[in-house]
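Visitor: Please read through the structure below; I'll follow up with questions.
The values are calculated or read from the model by the stated rules, or taken from the named source; none is laboratory data. What you see is a predicted model, and the numbers here were worked out from it, not measured in a lab. Positions of Cβ are generated from backbone atoms using ideal geometry, with glycine treated the same way; all protein chains shown enter the neighbour counts. Keep in mind that these areas ignore ligands, DNA and RNA; they rest on the heavy atoms of the full protein, side chains included. Shrake-Rupley method; radii C 1.70, N 1.55, O 1.52, S 1.80 Å.
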Amino acid sequence: MQREAYERLRWRCIRRGLLEVDLALTRFLEETFDRLSEAEQQAFAELADYEDLELWHLISGQAECEDARLAPIVAMLRKS
Amino acid sequence: MNIPVLKFDAVIVGAGGAGLRSAIQLSEAGLKTAVLSKVFPTRSHTVAAQGGVAASLGNSEEDHWRWHMYDTVKGSDWLGDQDAIEFMCKKAVEVVVELEHYGMPFDRTDNGKIYQRPFGGHMSNFGEKPVRRSCAAADRTGHAMLHAMYQRNVKANTQFFVEWMALDLIRDSEGHVVGVTAMEMETGQVVIFHTRATIFATGGAGRIYASSTNAFINTGDGLGMAARAGIPLEDMEFWQFHPTGVAGAGVLITEGVRGEGGILRNASKERFMERYAPNAKDLASRDVVARAMATEIKEGRGCGPNKDYVLLDITHLDPATIMKRLPGIREISIQFAGVDPIKEPIPVVPTCHYQMGGIPTNYSGRVVVPKDGDYNTVVPGFYAAGECACASVHGANRLGTNSLLDLLVFGKSAGDSAVEDLKSGKAHRDLPKDAADFSLARIDAINKRKGGASVHEARLAIQRTMQDHAGVFRFADMLKKGVTQILEVEKMVENLEIKDKSLVWNTARVEALETENLIEVAKATMISAEARKESRGAHVRDDAPDTPEFPNGRNDKEWLKHTLWHREGNKIEYKPVNLTPLTVETVELKTRSY
Ligand SMILES: Cc1cc2nc3c(=O)[nH]c(=O)nc-3n(C[C@H](O)[C@H](O)[C@H](O)COP(=O)(O)OP(=O)(O)OC[C@H]3O[C@@H](n4cnc5c(N)ncnc54)[C@H](O)[C@@H]3O)c2cc1C
């Protein structure tokens, strides 16, 4: 990912409305993001644009991701 | 350097509940209004509020704004200003009904009225028995509020500047506020917003603590900007703590867990609450539990390698109960504590939750400062509302669900005041020639510095210092050391270095600028807390214990007054509490007990 796109994405991960989402996305960015393919990184960026509550429900397993492209990233975001 | 100037009637810094509510008043009055936000408006921290908003609608049972007022004064431990409290409690019904008209999907009763639930501290008939006063929209009250008000603003043509960070307040030689400097993150460009009215609605600063329920965004930017511009900060020693935040993460574990039978244990697995509250045990009130936890940790009975947390044990509960009665708790625990609470206890610590103090305002949302013997001299052109402001309605301790109410009522009144002040149609006052120099110099210094501290290090140093020295339970010696230490940390913050020097989209630079705000709030808190030698509300000192002469350690003779911390010289002064409501008789001083 280009530097600018990455920095924009970083901001949208480290400054959220919910602390739960801040923590989950920051951790993912630091620990997992670099290992993803370009397409997976793009999918993660799309997820980061979700609303906080929606995203937290996905990450915590209280809701399921219906978009087949994004579901594998959601699975990675979940910590079991 | 040539800095672009954008001219607006009003700029509002912050697009959370308070900022959006103000903006509606201004835009609907036909004023050209800009709203700046570090994030998309509906991602503001207001989204985290679930409990609801207080209003004595009396939909479920009899209620009255005067009972709400009584609860709020008592909650504040009599430090709240009674004119502002009357104003807020009286206005509550109106602002909640307005919100309903904006499209807020409140929960409803069978006959279509707003449904109201009970909440701690809400009582009928002047403290007699619990009353249902909280209005909610399922578990997404804050979310629904932001959406309803954002839509209303879009209709009213409010101009949003999203992913913009306000940097500094601009005041002219007579002290009038004439705008702010701000940076567009995408380009790194600094711009001047030249205005006739400037409203701060930047939210809280809970990130000064190592353990905080607040999202990362709560860095107290509005307070930092105000302090740098010579505005004192009021009652900054008062922070509400929640007893059970996940250790190391801060995420809130609701009281419900103890309600369902959760037990707190120390390093030797002892159920220590039996010693502190033999009857109520783990169900004792929030502050009693939090203080007991802090004492266990301070006396070396905490858990883990650093002995810095205790355990919340629900392993004895039936897993089916946990899943059914405590939804989300297992997920939070697995995600952020790395333990499955069905099998292992959850590490928890008392966690910072809400900032009672802030930028001093009167109940019309105008910022006020002491001048020539008058404590409430208005700073022309400057308004504040929401968690960054101190009206003061929360005093020494906030009543649950009163902060969403605060941001509706004072967001609206700050907007109305600005509309009124601008009616005269007076032109923009001239910008000082050096309007942007201060901000540019700050950025330049961060860009150029080599060999300084990293933002990460400095932020951690602030958070550790605050947590260890000015936490939920305070000790004279620790506070004294804390003052010395936070002034040391300040030197670190004055010397921040970032590796990435790029102009566009440089999040490291933004974080460095945030840290410069965080340190102002931290200093204000530590110094104000060290200075206040009594216990009151959320400020509880070991050396000001409960005695017959001073119940709960509160000393009204000497300390029934607001703290004002000035950045210049870290000077402290005090101003009287307003005990005179607008129309009703005063709520007499009494010992606060529940
Ligand atoms: C977990 C949790 C649950 C809560 N539940 C409740 C509840 O049930 N009921 C209740 O009454 N209260 C509750 N509270 C408290 C309440 O949510 C907050 O006090 C309130 O939402 C604050 O609103 P605000 O508008 O003042 O600020 P925020 O919503 O925090 O908004 C601040 C805004 O300022 C912007 N901003 C900040 N700095 C800058 C800058 N430098 N430049 C540009 N923009 C900036 C941000 O982008 C944001 O838009 C809760 C708090 C927490 C943490």
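Visitor: Give A:ARG10, A:ARG16 a once-over and let me know the one that is in contact with a Ser or Thr (Cβ under 7 Å, 6 or more places away or on another chain) and charged (D, E, K, R).
Guide: Being in contact with a Ser or Thr (Cβ under 7 Å, 6 or more places away or on another chain) and charged (D, E, K, R) holds for just one of A:ARG10, A:ARG16, which is A:ARG10.
Visitor: Looking only at the range B:208-215, decide whether some residue is away from the ligand (no atom under 13 Å from the Cβ) and within 30 Å of B:ILE253 (Cβ to Cβ).
Guide: yes
Visitor: In addition: From the residues in the range A:1-54 that are over 16 Å from B:ILE332 (Cα atoms) and of a type in the set (Ser, Thr, Tyr), which one is farthest from the other protein chains (Cβ to nearest Cβ)?
Guide: Ranking the qualifying residues of the range A:1-54, first place goes to A:SER37.
Visitor: Do we have any residue at all in the range B:532-551 that's outside any helix (DSSP H, G or I), away from the ligand (no atom under 16 Å from the Cβ), closer than 22 Å to B:SER211 by Cβ and open to solvent by 40 Å² or more (accessible area, probe 1.4 Å)?
Guide: Scanning the range B:532-551 turns up at least one residue that is outside any helix (DSSP H, G or I), away from the ligand (no atom under 16 Å from the Cβ), closer than 22 Å to B:SER211 by Cβ and open to solvent by 40 Å² or more (accessible area, probe 1.4 Å).
Visitor: If you don't mind, another one. For the range B:139-178: of the residues being over 17 Å from B:GLY224 (Cβ atoms) and among the small types (Gly, Ala, Ser), which is farthest from the other protein chains (Cβ to nearest Cβ)?
Guide: Looking only at the range B:139-178, we keep the residues that are over 17 Å from B:GLY224 (Cβ atoms), and these are B:139-163, B:172-176, B:178.
Right, trim to among the small types (Gly, Ala, Ser) and you get B:142, B:144, B:148, B:156, B:173, B:175.
Working: B:GLY142: 8, B:ALA144: 10, B:ALA148: 14, B:ALA156: 23, B:SER173: 36, B:GLY175: 32 Å.
My answer is B:SER173.
Visitor: Does B:SER27 satisfy being within 13 Å of the ligand (Cβ to nearest atom) and among the polar types (S, T, N, Q)?
Guide: Spelling it out, it is not the case that B:SER27 is within 13 Å of the ligand (Cβ to nearest atom) and among the polar types (S, T, N, Q).
Visitor: Let me ask something else about it. Against the definition (among the aliphatic types (A, V, I, L, M), within 6 Å of the ligand (Cβ to nearest atom) and more than 10 Å from every other protein chain (Cβ to nearest Cβ)), how does B:LEU36 come out, yes or no?
Guide: yes
Visitor: Continuing with this model, one more query. Might you check whether a residue that is outside any loop (DSSP other than H, G, I, E, B), within 14 Å of another protein chain (Cβ to nearest Cβ) and either free of Cβ contacts under 8 Å to residues at least 12 places away in the same chain or at negative phi (or both) occurs anywhere in the range B:186-194? I'd like the intermediate steps shown before the answer.
Guide: Applying the first criterion (outside any loop (DSSP other than H, G, I, E, B)) to the range B:186-194 yields B:190-194.
With the extra rule that they be within 14 Å of another protein chain (Cβ to nearest Cβ), the set shrinks to none.
Within the range B:186-194 (the criterion being outside any loop (DSSP other than H, G, I, E, B), within 14 Å of another protein chain (Cβ to nearest Cβ) and either free of Cβ contacts under 8 Å to residues at least 12 places away in the same chain or at negative phi (or both)), the answer is no, since none of the residues qualifies.
Visitor: Still on this structure, I have one more. For residues that are away from chain A (no Cβ under 14 Å) and open to solvent by 10 Å² or more (accessible area, probe 1.4 Å), tally how many sit in the range B:39-55. Lay out the reasoning, then the answer.
Guide: Initially, the range B:39-55 is screened for residues away from chain A (no Cβ under 14 Å), giving B:51-55.
After this cut, where a residue has to be open to solvent by 10 Å² or more (accessible area, probe 1.4 Å) as well, the list is B:51.
Going through the range B:39-55 one residue at a time, the tally reaches 1.
Visitor: Look through B:GLU94, B:GLU100 and report the one residue that is without any contact (Cβ under 8 Å) to a residue 12 or more places away in the chain, assigned to a helix (DSSP H, G or I) and away from chain A (no Cβ under 14 Å).
Guide: That would be B:GLU94, the only listed residue that is without any contact (Cβ under 8 Å) to a residue 12 or more places away in the chain, assigned to a helix (DSSP H, G or I) and away from chain A (no Cβ under 14 Å).
Visitor: Out of curiosity, is B:PHE193 surrounded by 21 or more Cβ atoms within 10 Å (Cβ to Cβ) and in contact with a strand residue (DSSP E or B) (Cβ under 6 Å, 6 or more places away or on another chain)?
Guide: In short, yes.
Quick grid of which residues meet (1) within 14 Å of chain A (Cβ to nearest Cβ); (2) of a type in the set (A, V, I, L, M); (3) more than 12 Å from the ligand (Cβ to nearest atom); (4) open to solvent by less than 10 Å² (accessible area, probe 1.4 Å):
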{"position": "B:LEU317", "(1), (2), (3), (4)": "no, yes, yes, no"}
{"position": "B:ARG325", "(1), (2), (3), (4)": "no, no, yes, no"}
{"position": "B:HIS353", "(1), (2), (3), (4)": "yes, no, no, no"}
{"position": "B:ILE359", "(1), (2), (3), (4)": "no, yes, no, yes"}
{"position": "B:THR377", "(1), (2), (3), (4)": "no, no, yes, no"}
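Visitor: Say we look at the range B:155-190 and pick out the residues that are hydroxyl-bearing (Ser, Thr, Tyr) and surrounded by 23 or more Cβ atoms within 10 Å (Cβ to Cβ); which of these is nearest to B:ILE443 (Cα to Cα)?
Guide: Looking at the filtered set, the residue picked out is B:THR181.
Visitor: Within the range B:390-403, restricting attention to residues that are open to solvent by less than 10 Å² (accessible area, probe 1.4 Å) and not in a loop (DSSP other than H, G, I, E, B), which residue is nearest to the ligand (Cβ to nearest atom)?
Guide: Only one residue fits best here, namely B:ASN402.
Visitor: On to the next question. Go through the range B:411-445 and count every residue that is within 16 Å of the ligand (Cβ to nearest atom), under 27 Å from B:GLU516 (Cα atoms) and of a type in the set (Lys, Arg).
Guide: Of the residues in the range B:411-445, 1 are within 16 Å of the ligand (Cβ to nearest atom), under 27 Å from B:GLU516 (Cα atoms) and of a type in the set (Lys, Arg).
Visitor: Determine the pairs where a residue that is under 11 Å from B:LEU405 (Cβ atoms) and more than 6 Å from the ligand (Cβ to nearest atom), located within the range B:45-56, has a partner that is among the β-branched types (Val, Ile, Thr) and open to solvent by 30 Å² or more (accessible area, probe 1.4 Å) with Cβ atoms under 7 Å apart, the partner being 6 or more residues away or on another chain.
Guide: B:ALA55/B:VAL93; B:SER56/B:VAL93
Visitor: Please count how many residues of the range B:124-147 are in contact with a strand residue (DSSP E or B) (Cβ under 7 Å, 6 or more places away or on another chain) and crowded, with 19+ Cβ neighbours inside 10 Å.
Guide: Within the range B:124-147, residues that are in contact with a strand residue (DSSP E or B) (Cβ under 7 Å, 6 or more places away or on another chain) and crowded, with 19+ Cβ neighbours inside 10 Å number 7.
Visitor: Can you pull out the residues in the range B:17-33 that are within 14 Å of chain A (Cβ to nearest Cβ) and open to solvent by 10 Å² or more (accessible area, probe 1.4 Å)?
Guide: None - no residue of the range B:17-33 is within 14 Å of chain A (Cβ to nearest Cβ) and open to solvent by 10 Å² or more (accessible area, probe 1.4 Å), so the list stays empty.
Visitor: Looking at this structure, is B:LEU408 part of a loop (DSSP other than H, G, I, E, B), open to solvent by less than 20 Å² (accessible area, probe 1.4 Å) and within 16 Å of the ligand (Cβ to nearest atom)?
Guide: no
Visitor: Go through the range B:333-351 residue by residue and tally those that are charged (D, E, K, R) and open to solvent by less than 20 Å² (accessible area, probe 1.4 Å).
Guide: 0
Visitor: Residue by residue through the range B:138-177, note down the ones that are among the aliphatic types (A, V, I, L, M), closer than 13 Å to B:VAL11 by Cβ and away from the ligand (no atom under 13 Å from the Cβ).
Guide: Matches in the range B:138-177: B:ILE170, B:VAL177.
Visitor: Just one of B:GLY381, B:GLY373 is over 19 Å from the mean Cα position of the chain (by Cα), farther than 17 Å from B:MET88 by Cα and buried (at least 24 other Cβ atoms within 10 Å of the Cβ); which is it?
Guide: Working: B:GLY373 fails: buried (at least 24 other Cβ atoms within 10 Å of the Cβ).
Every option except B:GLY381 fails the conditions.
Visitor: Out of B:ILE199, B:ILE217, I need the residue that is surrounded by 24 or more Cβ atoms within 10 Å (Cβ to Cβ) and in a strand (DSSP E or B). Which one?
Guide: Within the list B:ILE199, B:ILE217, the selection yields B:ILE199.
Visitor: Could you please give the count of residues in the range B:515-531 that are open to solvent by 10 Å² or more (accessible area, probe 1.4 Å) and within 14 Å of B:THR219 (Cβ to Cβ)?
Guide: Step one: filter the range B:515-531 for residues open to solvent by 10 Å² or more (accessible area, probe 1.4 Å), giving B:516, B:527, B:530-531.
In the following step, the residues that additionally are within 14 Å of B:THR219 (Cβ to Cβ) were identified as B:516.
Counting residues in the range B:515-531 that are open to solvent by 10 Å² or more (accessible area, probe 1.4 Å) and within 14 Å of B:THR219 (Cβ to Cβ) gives 1.
Visitor: Hey, does the range B:473-486 have a residue that's open to solvent by 20 Å² or more (accessible area, probe 1.4 Å), free of Cβ contacts under 8 Å to residues at least 12 places away in the same chain and among the aliphatic types (A, V, I, L, M)?
Guide: Yes; the residues of the range B:473-486 include at least one that is open to solvent by 20 Å² or more (accessible area, probe 1.4 Å), free of Cβ contacts under 8 Å to residues at least 12 places away in the same chain and among the aliphatic types (A, V, I, L, M).
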